[in-house]
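Enquirer: Pasting in a structure now, in structure tokens, and then I'll have a few things to ask.
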Amino acid sequence: MMDGRISVNRTRYFESDGSVKPEALKSNPWLMYLLSADRPYVNPERLERMEDLKGNPVLDYVIRTLDILDGECTLDDAGYELVRTVLCWSEAAKAGSAEDRRRWINRGYPLEIHNEASALIYADHHAVRSFDADPVCQMIRTHGLAGQYIRGECDMEDSRPLADIAGKISKDRAEFTNLICLLNECIIRAVSDDIWNSVRDKIRKFAEQLYDGTDFQEYGAADRLKALLPECGDPSEAEAGFFESRIFGKYSLWYFEAALSPFGHAGAEEICRQAEAAAAKESGVRHLNFKPLADEMYYDYEGSRHVNTYKQRIIEKYLENPSEYGKHVSLTFQVCGSSVMTGVRFAPACRKLIDFCVEAERSGLLSYEKSITMLYDMFGFRRDSFDRLNNEGKYLKTMNSAQQSTKLSILDYITGKSAADTGSGGGVLLDELEKRYPDLQITGTDISQNVIHALAEKKRKEGHKWNVIRHNFTEDPLPEKTDNVIFSSILHEIYSYTDTDNGKFNLETVKKALSNAVSSLHPGGRIIIRDGVKTPEDGRMKITFRTQEGYDFFCQFLKDFRGMDMLSAEEKAQEMKPEEMSVVTDINFGREFLYTYTWGAESFPHEVQECFGYFTISDFRNCLENMGMRIIKAVSFLEPGYRDHLKDLVDIRRMDENGNETEMEFPDSNCIVVAQKAL
């Protein structure tokens, strides 16, 4: 079906119940090959969801190309039949039964280069005598190469066989151009209308140059590399130089973006360096094919396709230090005819851990943390939320969608000409600062290189003016002074995750970060804080749960929460009544639990590592005043979202020393503190 219309070609070949029409199968041998495929051919570049592999994706794609042809064709009958035949046979090498594929391999057909192999399959089936002179064979052989050239995957010279038969398939330049454009429209629009609209003018120019036989205007190396990895920004001169001297002009590149874009230019260079070394050992290799690697790199999460970040980070570690991590993972290179097939091999234990982490992430298993910790230990990843392996993309997206809560109100306190946003994460405050203060010099900081990379990509794609640097306030002041240092929900993470000689959850780390922030300010500059707040009073609260799930969540929190070691186990759980689904706990421990509970099971592995409230409002005041800062504002409050979420899940009561219960509001969750440096 195209654009809501009934598929003419599906009706042509299939009954209403989905069964193939016998006469259609008899008169269309290409259809027989597509239907007899005993395994789905996965093209990761065409999928929005891995679930889309259900059924017969190759057949579905061919039917879409034929529907587009029938809807758009302006060619004469001969031109229409030529393009239709090419489309019908162009995917044959991706299909066939196991016996068909064994026969094709024995005949030397390069199935991994499906356009060349499909042309040979067509020629074999039709007993073509002169392969190089046959228009259908050469159009199948070169089909899709226009798009591959535009994407930087191959040289324009690879399409020369099509230019050699131009006179056999058209009477003039205009007819040739229209035919090639229509063929490519069918091929590309069957994947995406948006992609076709973005390349249609380039396809026409390609066809005209092909017909004219003029000297082809190839990409420069840097431009071609940018076309290959459009999400990765500008390559360095050294990276472009490597591809120009070792790859371009020698090899076509298959599934390059799908496989290598997660690794950026540097990672792509290293993987290609190893693939090229493998190719150089064999004669006749013309293609570097990364499909096996691309097939490994994706999985479905919440209905859409995502890069498997576990695999990505592990492969990155291997590329940095193969000798250390080669026992867990390695790249593989297999020569198949004229191609080097690049894949990846994980050790069995490593693969099982990856698979478990993916499944636990999907289901929100609380045992996720134990498995992810093993991966951290194996590969030296940092165990903190600055470098979230699990669903990192969703985490950054969530941070970016913060037109909620009171987060943006802290921007009212900006002063001067410059500002630094600490722990910028998804970049939401960077964007808002830029909108509200277009002349402000804005710097984002983070201690995770992964986040810095993601922010750099965001800046490039969206055209922002702010800059990002890697920096840690627990170690040093900023390299250049600024008028504002913003800590938005970051100091509690510094408190929770920074290792010291006395372990984590050490208030000295917060004081050190604030001291370095003060040193980073110009005279008159400000520290602006929005974060969790500790409840100032001692006491107990009783939490009664509305569901068994909530009570079980508390039991798990009691077991796994890493913070507040100053409290004994008896203080954390003073009374537990499973039959009533109620608990009595220290008021600050209860507050920490309540605000973890709002985030749910999926975020639990991270939230139990964090203590949200570490300073009372008075503690903030005293700390900053002792550093010579003047307090402009210091208030605590309950973020409305917490109340809205919790009111239907729990009932809370205050308990005095005698066990008497009284009504109680949810304790304050957040604070805003603004302090100014003396002029």
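Enquirer: Which of the residues that make up the stretch 135-147 are part of a helix (DSSP H, G or I), surrounded by 20 or more Cβ atoms within 10 Å (Cβ to Cβ) and not β-branched (Val, Ile, Thr)?
Expert: Matches in the stretch 135-147: 137, 138, 139, 141, 145, 146, 147.
Enquirer: How about the stretch 157-183: which of its residues are part of a helix (DSSP H, G or I), surrounded by 15 or more Cβ atoms within 10 Å (Cβ to Cβ) and touching a Phe, Trp or Tyr at 6+ places or on another chain (Cβ under 8 Å)?
Expert: Correct list: 158, 159, 163, 166, 169, 176, 177, 180.
Enquirer: In the stretch 111-121, what residues are under 13 Å from residue 95 (Cβ atoms) and in contact with a Phe, Trp or Tyr (Cβ under 8 Å, 6 or more places away or on another chain)? Give the steps one after another, and end with the answer.
Expert: If we filter the stretch 111-121 for residues that are under 13 Å from residue 95 (Cβ atoms), which is where we start, we get 111, 114, 117-118, 121.
Listed by number, the residues that qualify are 111, 117, 118, 121.
Enquirer: Go through the stretch 583-614 and count every residue that is over 26 Å from residue 653 (Cβ atoms) and either hydroxyl-bearing (Ser, Thr, Tyr) or in contact with a strand residue (DSSP E or B) (Cβ under 8 Å, 6 or more places away or on another chain) (or both).
Expert: Qualifying residue count for the region: 1.
Enquirer: Also: For the stretch 225-233, does any single residue satisfy the condition of being free of Cβ contacts under 8 Å to residues at least 60 places away in the same chain, of a type in the set (A, V, I, L, M) and touching a helix residue (DSSP H, G or I) at 6+ places or on another chain (Cβ under 6 Å)?
Expert: Among the residues of the stretch 225-233, at least one is free of Cβ contacts under 8 Å to residues at least 60 places away in the same chain, of a type in the set (A, V, I, L, M) and touching a helix residue (DSSP H, G or I) at 6+ places or on another chain (Cβ under 6 Å), which makes the answer yes.
Enquirer: Name the pairs: first residue in the stretch 619-648 and closer than 29 Å to residue 600 by Cβ, second residue loosely packed, with under 12 Cβ neighbours inside 10 Å, Cβ to Cβ under 9 Å, at least 6 apart or on different chains?
Expert: Going by the 9 Å Cβ cut-off, the qualifying pairs are 638/665; 641/404; 643/665.
Enquirer: Moving on to the next point. Does at least one position in the stretch 247-258 carry a residue that is in contact with an Asp or Glu (Cβ under 7 Å, 6 or more places away or on another chain), under 24 Å from residue 356 (Cα atoms), surrounded by fewer than 19 Cβ atoms within 10 Å (Cβ to Cβ) and in the same structural domain as residue 233 (by TED's automatic domain parsing)?
Expert: No, every residue in the stretch 247-258 fails to be in contact with an Asp or Glu (Cβ under 7 Å, 6 or more places away or on another chain), under 24 Å from residue 356 (Cα atoms), surrounded by fewer than 19 Cβ atoms within 10 Å (Cβ to Cβ) and in the same structural domain as residue 233 (by TED's automatic domain parsing).
Enquirer: Looking at the stretch 483-505, is at least one residue touching a strand residue (DSSP E or B) at 6+ places or on another chain (Cβ under 6 Å), among the polar types (S, T, N, Q) and within 21 Å of residue 610 (Cβ to Cβ)? Let's see the steps before the verdict.
Expert: Taking the stretch 483-505 first, the residues touching a strand residue (DSSP E or B) at 6+ places or on another chain (Cβ under 6 Å) are 483-492.
Filter again for among the polar types (S, T, N, Q), leaving 484, 488-489.
In the following step, the residues that additionally are within 21 Å of residue 610 (Cβ to Cβ) were identified as 488-489.
Within the stretch 483-505 (the criterion being touching a strand residue (DSSP E or B) at 6+ places or on another chain (Cβ under 6 Å), among the polar types (S, T, N, Q) and within 21 Å of residue 610 (Cβ to Cβ)), the answer is yes, since at least one residue qualifies.
Enquirer: Out of (1) surrounded by 15 or more Cβ atoms within 10 Å (Cβ to Cβ); (2) assigned by TED's automatic domain parsing to the domain that holds residue 144; (3) under 26 Å from the mean Cα position of the chain (by Cα), what's the single condition that is false for residue 204?
Expert: All conditions pass for residue 204, except number (3).
Enquirer: What are the residue pairs meeting all of these: first residue in the stretch 469-482, first residue in the same structural domain as residue 415 (by TED's automatic domain parsing) and modelled with pLDDT of 95 or more, second residue among the basic types (Lys, Arg) and surrounded by 15 or more Cβ atoms within 10 Å (Cβ to Cβ), Cβ atoms under 7 Å, and 6 or more apart or on different chains?
Expert: Pairs found: 474/512.
Enquirer: Still on this model: Has the stretch 209-219 got at least one residue that is at pLDDT 85 or above, small (Gly, Ala, Ser) and either under 13 Å from residue 151 (Cα atoms) or out of contact with any Ser or Thr (no Cβ under 6 Å at 6 or more places or on another chain) (or both)? Steps first, answer last, please.
Expert: At the first step, the residues of the stretch 209-219 found to be at pLDDT 85 or above are 209-212.
Those still in the list that are small (Gly, Ala, Ser) too: none.
Checked the stretch 209-219: no residue is at pLDDT 85 or above, small (Gly, Ala, Ser) and either under 13 Å from residue 151 (Cα atoms) or out of contact with any Ser or Thr (no Cβ under 6 Å at 6 or more places or on another chain) (or both).
Enquirer: Within the stretch 187-201, track down each residue that is outside any loop (DSSP other than H, G, I, E, B) and touching a Lys or Arg at 6+ places or on another chain (Cβ under 6 Å).
Expert: Of everything in the stretch 187-201, just one residue is outside any loop (DSSP other than H, G, I, E, B) and touching a Lys or Arg at 6+ places or on another chain (Cβ under 6 Å), namely 196.
Enquirer: Within the stretch 412-433, work out how many residues are over 15 Å from residue 482 (Cβ atoms) and not small (Gly, Ala, Ser).
Expert: Total satisfying the criteria: 4.
Enquirer: Restricting attention to the stretch 556-570, report how many residues are outside any loop (DSSP other than H, G, I, E, B) and farther than 25 Å from residue 665 by Cβ.
Expert: Residues of the stretch 556-570 outside any loop (DSSP other than H, G, I, E, B): 556-560, 569-570.
Applying the additional criterion that residues be farther than 25 Å from residue 665 by Cβ yields 556, 559-560, 569-570.
Count: 5.
Enquirer: Being assigned by TED's automatic domain parsing to the domain that holds residue 662, assigned to a helix (DSSP H, G or I) and among the β-branched types (Val, Ile, Thr) is the requirement here; does residue 544 meet it? Please lay out each step first, then the result.
Expert: Numbers: assigned by TED's automatic domain parsing to the domain that holds residue 662: yes; assigned to a helix (DSSP H, G or I): no; among the β-branched types (Val, Ile, Thr): yes.
It is false that residue 544 is assigned by TED's automatic domain parsing to the domain that holds residue 662, assigned to a helix (DSSP H, G or I) and among the β-branched types (Val, Ile, Thr).
Enquirer: Taking residue 569 and the conditions (1) farther than 28 Å from residue 635 by Cβ; (2) under 30 Å from the mean Cα position of the chain (by Cα), which numbered condition does it fall short on, given that it satisfies the others?
Expert: Against the list (1) farther than 28 Å from residue 635 by Cβ; (2) under 30 Å from the mean Cα position of the chain (by Cα), residue 569 comes up short only on (2).
Enquirer: A follow-up question, please. Go through the stretch 271-303 and count every residue that is assigned to a loop (DSSP other than H, G, I, E, B) and at pLDDT below 90. Break it down into steps so the answer makes sense when it comes.
Expert: Filtering the stretch 271-303 down to residues assigned to a loop (DSSP other than H, G, I, E, B) leaves 281-286, 290, 297, 302-303.
Retained after the next criterion (residues that are at pLDDT below 90): 302-303.
The qualifying residues number 2.
Enquirer: Same structure again: Please go through the stretch 478-501 and give me each residue that is of a type outside the set (Ser, Thr, Tyr) and surrounded by fewer than 17 Cβ atoms within 10 Å (Cβ to Cβ), ordered by number.
Expert: Here is the first cut: in the stretch 478-501, the ones of a type outside the set (Ser, Thr, Tyr) are 478-481, 483-487, 490-494, 499, 501.
If the condition is that a residue be of a type outside the set (Ser, Thr, Tyr) and surrounded by fewer than 17 Cβ atoms within 10 Å (Cβ to Cβ), then 479, 480, 481, 499, 501 are the ones that fit.
Enquirer: Now a separate question. Among what's in the stretch 312-346 and is in contact with a Ser or Thr (Cβ under 9 Å, 6 or more places away or on another chain) and over 30 Å from residue 115 (Cβ atoms), pick the residue that is surrounded by the most Cβ atoms within 10 Å (Cβ to Cβ).
Expert: It comes out as 318.
Enquirer: Additional query: Being under 41 Å from the mean Cα position of the chain (by Cα) and within 20 Å of residue 495 (Cα to Cα) narrows it down to one of 637, 553, 561, so name that one.
Expert: Answer to the selection: 561.
Enquirer: Answer yes or no as to whether residue 243 is at pLDDT 90 or above, in the same structural domain as residue 279 (by TED's automatic domain parsing) and assigned to a helix (DSSP H, G or I).
Expert: Details: at pLDDT 90 or above: yes; in the same structural domain as residue 279 (by TED's automatic domain parsing): yes; assigned to a helix (DSSP H, G or I): yes.
In short, yes.
Enquirer: While we're on this one: Does residue 653 satisfy being touching a residue at least 60 places away in the same chain (Cβ under 8 Å), of a type in the set (Lys, Arg) and outside any loop (DSSP other than H, G, I, E, B)? First the steps, then the outcome.
Expert: Working: touching a residue at least 60 places away in the same chain (Cβ under 8 Å): yes; of a type in the set (Lys, Arg): yes; outside any loop (DSSP other than H, G, I, E, B): yes.
Taking the combined requirement at face value, the residue satisfies it.
Enquirer: Would you confirm whether any residue within the stretch 240-263 is in contact (Cβ under 8 Å) with a residue 60 or more places away in the chain and among the hydroxyl-bearing types (Ser, Thr, Tyr)? Quick ask: steps written out before the conclusion?
Expert: Taking the stretch 240-263 and keeping what is in contact (Cβ under 8 Å) with a residue 60 or more places away in the chain, we get 248-249, 252-259.
If we keep only those that are among the hydroxyl-bearing types (Ser, Thr, Tyr) too, we end up with 252, 255.
Scanning the stretch 240-263 turns up at least one residue that is in contact (Cβ under 8 Å) with a residue 60 or more places away in the chain and among the hydroxyl-bearing types (Ser, Thr, Tyr).
The values are calculated or read from the model by the stated rules, or taken from the named source; none is laboratory data. Note that this is a predicted model, so its numbers are computed, not measured. Virtual Cβ from ideal backbone geometry, glycine too; neighbours counted across all protein chains shown.
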